[in-house]
1. Note down the relative contact order for the chain as a percent, whole number, built from C-alpha pairs under 8 angstrom at least six residues apart.
2. Quick one: angle between helix 53-73 and the longest Cα principal axis of the chain, in degrees between 0 and 90, rounded to 10, please.
3. What ratio of Cα Rg to 2.2 N^0.38 Å holds for segment 1-43?
4. Using Cα atoms only, what is the angle between the long axis of helix 32-42 and the major principal axis of the chain, expressed in degrees (0 to 90) to the nearest 10?
5. Two decimals is fine: what's Rg over Rh for the chain, C-alpha atoms, Kirkwood radius as Rh?
6. Just grab the label-to-label distance for residue 73 and residue 20, each label 7 Å out from Cα along the Cβ direction, in nm (one decimal).
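Read the figures in this text as sums done on the coordinates, not as results from a lab. Computed from a prediction, not measured in an experiment: that's the story for all the values here. Positions of Cβ are backbone-derived with ideal geometry, glycine not excepted, and every protein chain shown enters the neighbour counts.
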């Protein structure tokens, strides 16, 4: 199932953009399993191991900050002169 059933667009787009720096943002939300892996990597998790509760929690806290930055300064936001 796509992760946008659970996460706002600013959340998944900002998290997805971290490992895909310089690439154009996806139009469709990634699958939920991929999003959980991306969140775990923000929390210091390893791709080889399933994430633990603390790793996911840390990743979610970082996701919240990234989403705030995305909403404030990201693509499509009005730029002040």
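1. Once divided by the residue count of the chain, the mean separation gives 31 percent.
2. The angle comes out near 10 degrees.
3. 1.03
4. On a 0 to 90 degree scale, this one is about 90.
5. 0.99
6. With each label placed 7 Å out from Cα toward Cβ, I get 2.1 nm.
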